[in-house]
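To start, the structure itself, in structure tokens.
The values are calculated or read from the model by the stated rules, or taken from the named source; none is laboratory data. As the structure is a prediction and not an experimental result, all values here were calculated from the model. Cβ atoms come from the backbone with ideal geometry, glycine included; neighbour counts cover every protein chain shown. Just the protein is used for accessible areas: all its heavy atoms, side chains included, with ligands, DNA and RNA removed. Shrake-Rupley method; radii C 1.70, N 1.55, O 1.52, S 1.80 Å.
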Amino acid sequence: MTSEHQSPKSESTLPNTLPNEKIIPATTSEDETVIDGVDPVYAAKARVLNRAIQDIGMGKYQWQLFFVIGFGWAQDNLWPIVTSLILTPINNEFHPSHAPLLTLSQNIGLLAGAIFWGFGCDIFGRKWGFNLTLGVTSVFGMLASSSPNFAAIGVFAALWSFGVGGNLPVDSAIFLEFLPQSHQYLLTILSVFWAFAQLLASLIAWPILGNLTCQQTDTDCTRSKNMGWRYFVITMGGLALVMFFIRFFVFHIYESPKYFMGKGRDEDAVRIVHEVARRNGKESSLTIEDLRSCETLSGNPQENSIDHKQDSNAKKAIRRKLEQVNGKHIRSLFATKKLAFSTSMIMVVWAFIGLAFPLYNAFIPFTLATKGAEFGDSSTYITYRNACIIAVLGVPGAVLGGILVEVRWIGRKGTLSLSTLLTGIFIYGSTTAKNSNSLLAWNCMYSFFSNVMYAVLYAYTPEIFPTKDRGTGNALTATANRVFGIMAPLIAIFANLETAAPVYTSGALFIAAALVVLILPYESRGKASL
């Protein structure tokens, strides 16, 4: 929860405002403003904590947190890349009837992880989810190297993805709850970690998978000849273990003060704020009385003494989270024609991209290898060298996305639509490649613009939802994305990866998503992120 505004008073008088903006009368103070659907005591205490964090400012603790939060962003992209990089050698060794089932297992694990960790962090706390997601990923990632058959690696892919799926829901929550409002743009900058992870995975895969796996043309690919993918998975699991070690033993993460406040532990919430201030070399004026004074919001003294004092306990915290999946908050996102249209269209964008991205990106190394065989240069070394070059272009793409969104004449919508359109166009261009170098060039441009697209999408989406319904809005878009992501390997199975059909489908979906972005009713550039 950030700055507190209400829904638009009139769409006709405020045609270009966000759905969570309203001109608040001068007679209404911030503390008197209550968000519909959120307990007023909880909302008032959240505002007190927000102001306390803003007063502390961006300091040593938040910058350290930014770095370790980057681990989660990196893991979110690294492991799907791992799956795509090992798909070819696994296919060569085990000869499964449907190789894309490995990607299906991964996507099922990602969906389950997002649901479990996303809801769980409001029940057992952010701190444990923050640490355990990396632990789960590292353990099952390393165990995957022992897989004796295709079914086993599929199971391990689902299990490591269960940990990966919780990174963004948990990490974004705990980061925002310690982040001053003045530095919320750092959530967008985190996309650099996401892009760098692809580069890192490709750099490591290049020597290991490039030299220690079977060639695409090998007819007898045994385990001893194909150990590279096993070494690679162990290395990636070990890297996740190092990140887990840094988070758990080196960096001391404080539990979110809002989590403690939601459990009715106001003293602990105040203590954490003072601990953060101390680590930043500052002092905080927050007191327990500041939070307790919020319990006098109701005009009924009896309710103040009993009911409202219980509004911040564990039962209420769980109830608030469960409310995100009931019809009340969903209906709020469709309360007006304009808001309903916006919600529906952004879900469509996430769904299209959720299908298009894995349909193409997950099978790039496979495509590079099979096309290389056709072009006469199908060595695994060249395949993974090219994958590394493609990944390099993703890092500046994420940075460019963060810059363009603040340019007046293009903004969020323009940057998102243009980058998505160019992503689809360059995917189509790859089908015209006559040799490996031209195919590499098309894929480099695809990687660049797809990273611009994601950098903007992660920032724009939460900005266009009303504060009180943002959790539900993010859940709806994430669900659309993951469900359609599960469909990607199924389509790949029936479409045949050795043809251009999945490529054409992916390109068409990106172009369609770009057109949908143009008709979204809200532009959030220059407006407060609420």
Inter-residue pairs, beta-carbon under 8 Å, first outside the structural domain of residue 79 (by the TED database) and in segment 197-222, second assigned to a loop (DSSP other than H, G, I, E, B), 6+ apart | none
Taking segment 381-412 on its own, how many of its residues are assigned to a helix (DSSP H, G or I) and under 23 Å from residue 193 (Cα atoms)?
-> 22
Would you check if residue 507 is at pLDDT 75 or above and either among the small types (Gly, Ala, Ser) or in a helix (DSSP H, G or I) (or both)?
-> yes
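For (1) touching a residue at least 40 places away in the same chain (Cβ under 8 Å); (2) within 26 Å of the chain's Cα centre (by Cα); (3) in a loop (DSSP other than H, G, I, E, B), each residue gets a yes or a no:
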residue	(1), (2), (3)
245	no, yes, no
249	no, yes, no
258	yes, yes, no
270	no, no, no
282	yes, no, yes
285	yes, no, yes
Say we look at segment 212-233 and pick out the residues that are closer than 24 Å to residue 201 by Cβ and among the hydroxyl-bearing types (Ser, Thr, Tyr); which of these is most open to solvent (accessible area, probe 1.4 Å)?
-> 231
Given (1) over 24 Å from residue 258 (Cβ atoms); (2) β-branched (Val, Ile, Thr); (3) in a helix (DSSP H, G or I), where does residue 213 come up short, assuming only one miss?
-> (3)
Residue that is most open to solvent (accessible area, probe 1.4 Å) [pool: residues in segment 137-172 that are hydrophobic (A, V, I, L, M, F, W, C) and closer than 27 Å to residue 455 by Cβ] = 162
Out of 435, 474, sole residue that is open to solvent by 10 Å² or more (accessible area, probe 1.4 Å) and under 20 Å from residue 167 (Cβ atoms) = 474
Mind checking whether some residue in segment 456-465 is open to solvent by 10 Å² or more (accessible area, probe 1.4 Å), charged (D, E, K, R) and not in a loop (DSSP other than H, G, I, E, B)?
-> yes
